[in-house]
Structure formats: structure tokens, C-alpha cells
Amino acid sequence: MSGTPKKKVVLLGNEAIGRGLVEAGCQLAMSYPGTPSSEILPSFIRAAKAAGVKVHGEWSANEKVAYEEALAAAYTGKRAAVIMKQVGLNVAADPMMSSAYIGVKGGFVVICADDPGPHSSQTEQDTRLFGFFAKIPVLDPSSPDEARRMVPYAFELSERHEIPVILRPSLRVCHGRESCELGEPARGGRPAKFEKDPHRWAATPRWRLLLHKKLNEKLRRIALELESSPWNAVLNPGAKSPLAIIAAGNPFATIRDILAERGVLDRVPMLKVGAVYPLPQRILEEFVAKYERVLVVEEPDQVVELQLRDRRSVMGRGDGTVPDEGELTAGVLTEVLGRALHAHGIVDAPWSASPDAAAVVSDLKLPVRPASLCPGCPHRSAFYGIRKTFGKKGIYTSDIGCYTLGLNLDAVDTCHDMGAAISMATGFYHAYAHDGGEIPPIVATIGDSTFYHAGLPALAGAINSGARYVLVVLDNFVTAMTGMQPTLALGQQADGTIGPVLPIEDACRGLGVQFVRVHDPYDLEGMTALLKEAQAHCRGPDGRVAVIVSRHPCLLNDRKTAAQLNTHAVEVNDKCNGCALCRTTFECQALVPAAPVPGKEGRFLTAIDPRVCAKCGQCVAVCNRGAIVEIAKADREERA
């Protein structure tokens, strides 16, 4: 009803973006999970269901597949989005570069979340530079609600110029919370209508030159349009100051809060840049020309700063004023701003970042705990078995996910990118085989979701090239590290419905793997025996890659099954001599040092911490002295 106040709801940034997709009329969204973007697709589906809007949301095999599926939907005139994290864009780079040239019909938005820090990523790469590289417009929201409001604008910009548009929220936007005044969900949508035009949709290199020219023309028109965009705005234009600030993305919101907290917000002119590529040069140049010095703050790299044609008065990452790496937290920016404002006479002394808060945290004397596999994690036994079987002579390649933590069990030597466990194992094999001498045991470990993401092509290549090594697929039924999204092996769709399943072992056999076994790694003795059998196969006269699917549900994801399987309460008896091998080689947090060993300074007996123990019983097989034993059911009942 006209005049009715709009509903306000506090939303997580990723929820706000999901809601924005529904308000924008997005009909299809594809994604591959990756922190900090993982909640966007489920939020889109939930918001659409709540609004009674029919949409299609899908967890795809990888980002390239997701990009191409969503792009095809946009070719039909529908509004579509693809969602990923910044390193996922590397996987999708091939179709993205081409899509800039070919363009779209329906609106097509690439939502790519960056991870300055990096908190859970291999790199701090800046997606805005990828937009610059691919010649695709980039919007850079500074808050959850601005990200929500930018989504409809991104679709409109995309359709107006028939070009993909990137929305780049950073970690703090994705995981921050803000009160959002909800807009109306778009209803109806458009029917799919693909209009054949081979010169465009299947353009040959001769036509690509023409498309490149058209793309450049589009960017010039978009740059002019962005000169009057609501996403670029000047704060305190009348403030008399020798120093002004240009800020983009989350750093803008942080700087605004810091200046307000310190009581100088109205004394510093500031230009907020929400549309960072193509840069609206007139606004930027006029702003820079008005002030003696201009501080440019953005993360994680230089995008706005690099596009400024006259940088003689500019301070930022280029001259070292702003750190060249790491997240621009409130602490970092407080010191950067304090130094710059003091140097220009705006404040009396440089600022320091909340020493009181730092002192409080330091006084807590919290223990430093490295990242570790969860208690009861089935991967722990798999890695322990691999290391026990092949020892120091083995070469252990692994991948991106929880299983990177196999480092702690000395069962991971390399970790590069998605799927690299298999292709690098192939490379190691051929490098040693080329010399004609002894080939060390090579064991690749990869997770179930990662296997489908980028492992399948690598395994096809390994089979084709005749490589011989052991591949252990760590199947815990879920993409655990990014928030428990389903894998292709389950058949579970993004909206919870069940579809066809694609078992890992069938996929391996389909690629020509002859040795495929499925085993529960909780059976540690069986696991080591199977690893030896697999090694014997791949080194045999007709051997090839041998695959073991190490299968056991993730305890965090499937608590019901875990409760049924994990009934093995354990204790440490008086055979323990404090050697600590169980703690150092099995590395379970439930194994803790207890009483000192008499006469052995610095040596402690091991105990089981019942608050942490998952009752998986895996550690029983670890102690050669038989000091870790399962408590008999009768004893457990009596003690209870």
C-alpha cells in the first residue's frame, strides 16, 4: 500500500545481498561455496521462498561451471547471477573474459567476495583489478545495506549496456550486520527466449576485434553514466582542509566511524567511491585538484589510485602511506589517519590504535592454538594411516579444504589450489619416472567437493599419462570448511530437494581407474592395509593410479550418525609413560598433558579431556603400549 512504512530488518551482509537478488528480479543464481561468499545463495533461496517467488539456485561443480550456466540464462533474457569468492574467480576467469566481449541480454551480475587478511584464502587478490583486466564494470559496496541496494542497480546497468557487472563485497561487508529497509520483491520475471545470432554468441576471432571495439564504447558510456551515480558522493565539501580522503568499499565505512569517534568527521572532506571501474574521472579529478594532498584508502590493492591520471598530490599504497598488504582494520586505519591528519595540522598528535583493548586481550593470556582437525574428524585417521604406512619417504600432495590441516600430521607436503593434489602428484610421478630410478611413494589427498570441483580433469589426465600413485579421496559427505554445503555425491540440491547422486567411486571407474576401494578410516588397521595394497597395485606391472575413497560422515554436519557411531569412551591407563607420541603424531585436542612423569622433567602423562572427546575411539590404535583403551560399556554404566 502506498505510504506504508517499509519493513526494517537487521541482516547479515550476505543475507542482504541474497535479499537484493530477489528484489532485483534475479531468476537464476549459481554458486560454488567459498568463504566469505557462502551464505549468499542460501539467503537468495530463502528470501525467494518467503516472498513466494520462483527461482532456481544451484551449487555448481565449480566456479567456471557456475559462471557458464548463469551466463547462458542471461543470454535468454532472464536476470541471472553467479556467486563465488575471489580465488574462485581465477577458476571462472576464462568464461568471464569472453563474456565481457560477447555481452548479455538479460542482466548478469557476478558477485565475487574478497577476503583481505586473508582469513580463509590462499591469496588477498583484489577482484576489482580482475574487473579492470576483463573490462567489466565493478561496484564496491561499503556496507550490507548498500550491497543490497546495489544489486538492482547492477542488473539495470548490466541490461542497459548488455554487459556483465561485478559486485565486489569484501569480508566485513559480507559478515557485517546492518538494519536494512527492505524493498519489494520483483515478481513475474521473463520467459526464456534465446535469439540466435552466431556472429555474436559464437563469434570467431575476426568478429572478436569488432566486439572489443564495442566493449570499449560501452565502457566510455558507462563511465559517463557513473559521473552522476548515487554510489559516488562527496562528504563535507565545504570543509577547509589541506587534506582530503578518497575511500572505497569497507574502508570508507571504517574511516567514517573513526573520524566520528574522534570528533573530526566534519573537518575532513571525503569522496566515497562506490563505482570503482570504469572510474568516473571528472569527479575524481575535480576532487583531487581542490586539495593540497589527497589520501586514497582502499583494499586489498590499488584500483582507484592507479586509475587517477594525476597522482602528484596523492598519498596511499603507492607511496607507502597505506600498508601494502593485510586487512585495513580499524586499528590499522586509526594509525594511518592519525599520522596523515597530524602531518597536515588537523589534529594535535598522531593517533594510536586502542592500546587499552590490546592490553586487555594480552592480559587474558589466552593459549595460542594452531588450526587443527576437529576431535573425531575421520580425516585424522586417514592422514595418520598414510603417514604410518609410507613414513618420511613418501611425497604427500594435498588440496584446499579441511584436509590442508593434514600438515599437522606430517602427511601434507604441498597445497596449491583446487585440484592440484592430483595434478601435482602426476607431476611428481613423471619427474621421478623420467630419471628411471626409484620412485618414492606418492599419495595425493583431496576432499569430496574438491574432487568434483577440479579433481576430475586432473585424474583424467593422470590416467591418460600413465601416472602411478595412490589417490585418497576424503569423503565426509559435505563441503565442510565453507559451511556444510552438499557435494555432487549426495544428490542434494541447494533448496534441499534430492536429485540424482554421482558416487565418487563410479566417477573414478568411469575415468578408467581399475583399483577403486571404499573404506571407513576409523578402521585404522584396515586403512593401512589398504594403503599398502593400493601402493602394490600402482607399482605393479600393469598398475595405474589407485583410488581409495576414505568415507566417514563429518561429525559437525551429521550429529545423528556421529552419535550412533561414536560410542567409544576411552581412558588412559597406567601403561602410559609420557612419551607424548599420541599427542604429537595423532594431534587430537582431546589428548592432553596431565600429571608430570616422576624423574622426567618436562614430560607429562597423557589424559583424555572428556569435554572435548568425540568418543570416536580412533586414538586406541595409536598407542603402541596399549595405554589408551576403550572403557567397557558395563564400566561406563557403573561410573555413570
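The values are calculated or read from the model by the stated rules, or taken from the named source; none is laboratory data. Everything numeric here is computed off the predicted structure, so don't read it as measured data. Here the Cβ positions follow ideal geometry from the backbone for every residue, glycine too, while neighbour counts run over all protein chains shown. Accessible surface is based on the protein model in full, side chains and every heavy atom, while ligands, DNA and RNA are left aside. Shrake-Rupley method; radii C 1.70, N 1.55, O 1.52, S 1.80 Å.
As for region 208-223, it holds at least one residue that is modelled with pLDDT under 95, more than 34 Å from the chain's Cα centre (by Cα) and not in a strand (DSSP E or B). Scanning region 531-562 for residues that are assigned to a helix (DSSP H, G or I), within 22 Å of Arg468 (Cα to Cα) and either among the small types (Gly, Ala, Ser) or open to solvent by less than 20 Å² (accessible area, probe 1.4 Å) (or both) yields Leu531, Ala534, Ala536, Cys538. With respect to (1) surrounded by fewer than 16 Cβ atoms within 10 Å (Cβ to Cβ); (2) of a type outside the set (Lys, Arg); (3) assigned to a strand (DSSP E or B), the lone exception for Val516 is condition (1).
For region 12-28, filtering for residues that are part of a helix (DSSP H, G or I) and not small (Gly, Ala, Ser) leaves 7. For beta carbons closer than 6 Å, sequence separation of 6+ or different chains, a first residue in region 582-599 that is more than 25 Å from Gly385 (Cβ to Cβ) and a second that is open to solvent by less than 70 Å² (accessible area, probe 1.4 Å) and not hydrophobic (A, V, I, L, M, F, W, C), the qualifying pairs are Val597/Gly578.
Kindly indicate whether Asp413 is open to solvent by 30 Å² or more (accessible area, probe 1.4 Å) and at pLDDT 95 or above. Criteria met by Asp413.
Has region 179-188 got at least one residue that is closer than 30 Å to Ala340 by Cα, outside any helix (DSSP H, G or I) and out of contact with any Ser or Thr (no Cβ under 9 Å at 6 or more places or on another chain)? Scanning region 179-188 turns up no residue that is closer than 30 Å to Ala340 by Cα, outside any helix (DSSP H, G or I) and out of contact with any Ser or Thr (no Cβ under 9 Å at 6 or more places or on another chain).
If you go through region 497-513 and pick out every residue that is within 27 Å of Ala47 (Cβ to Cβ) and open to solvent by less than 40 Å² (accessible area, probe 1.4 Å), you end up with 1. Consider region 29-50. How many of its residues are of a type outside the set (Ser, Thr, Tyr), assigned to a loop (DSSP other than H, G, I, E, B) and buried (at least 24 other Cβ atoms within 10 Å of the Cβ)? Selection size over region 29-50: 3. Look at (1) in a helix (DSSP H, G or I); (2) open to solvent by less than 10 Å² (accessible area, probe 1.4 Å) and you find that Phe428 fails only one, number (2). The single condition among (1) open to solvent by 10 Å² or more (accessible area, probe 1.4 Å); (2) at pLDDT 95 or above; (3) among the small types (Gly, Ala, Ser) that Ser2 does not satisfy is (2). All of (1) part of a loop (DSSP other than H, G, I, E, B); (2) open to solvent by 10 Å² or more (accessible area, probe 1.4 Å); (3) modelled with pLDDT of 95 or more hold for Ala467 with one exception: (2). Checked against (1) open to solvent by less than 40 Å² (accessible area, probe 1.4 Å); (2) closer than 27 Å to Asp520 by Cβ, Ala433 meets all criteria but (2).
Residues checked against (1) surrounded by fewer than 23 Cβ atoms within 10 Å (Cβ to Cβ); (2) without any contact (Cβ under 8 Å) to a residue 12 or more places away in the chain; (3) under 16 Å from the mean Cα position of the chain (by Cα); (4) in a helix (DSSP H, G or I):
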residue	(1), (2), (3), (4)
His453	no, no, yes, yes
Leu456	yes, no, no, yes
Leu459	no, no, no, yes
Ile463	yes, no, no, yes
Val472	no, no, no, no
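Just so you know, in region 56-78 the residues that are surrounded by fewer than 22 Cβ atoms within 10 Å (Cβ to Cβ) and either touching a Cys at 6+ places or on another chain (Cβ under 7 Å) or small (Gly, Ala, Ser) (or both) include one that is nearest to Ala24 (Cα to Cα), and it is Gly77.
Looking across region 198-213, the residues that are in contact (Cβ under 8 Å) with a residue 60 or more places away in the chain and either open to solvent by 30 Å² or more (accessible area, probe 1.4 Å) or of a type in the set (Gly, Ala, Ser) (or both) come down to Arg200, Trp201, Ala203, Arg208, His212. Here Thr479 meets each of (1) under 31 Å from the mean Cα position of the chain (by Cα); (2) surrounded by 20 or more Cβ atoms within 10 Å (Cβ to Cβ); (3) modelled with pLDDT of 95 or more with one exception, condition (3). Those helices (runs of 4 or more DSSP H) of region 86-177 in which at least 2 residues are surrounded by fewer than 24 Cβ atoms within 10 Å (Cβ to Cβ) and touching a Lys or Arg at 6+ places or on another chain (Cβ under 9 Å), considering only elements entirely within it, cover 93-102, 144-161. For region 143-156, the criterion of being in contact (Cβ under 8 Å) with a residue 12 or more places away in the chain and touching a Phe, Trp or Tyr at 6+ places or on another chain (Cβ under 6 Å) is satisfied by no residue at all. Of the helices (runs of 4 or more DSSP H) that lie entirely inside region 242-336, those containing 1 or more residues that are closer than 26 Å to Pro137 by Cα and of a type in the set (Ser, Thr, Tyr) span 250-261.
Look at region 87-110: where a residue is free of Cβ contacts under 8 Å to residues at least 24 places away in the same chain, no partner that is open to solvent by 10 Å² or more (accessible area, probe 1.4 Å) sits 6+ places away or on another chain with Cβ atoms under 6 Å. Here Glu195 fulfils each of the conditions (1) of a type outside the set (A, V, I, L, M); (2) free of Cβ contacts under 8 Å to residues at least 60 places away in the same chain; (3) surrounded by fewer than 14 Cβ atoms within 10 Å (Cβ to Cβ) apart from (2).
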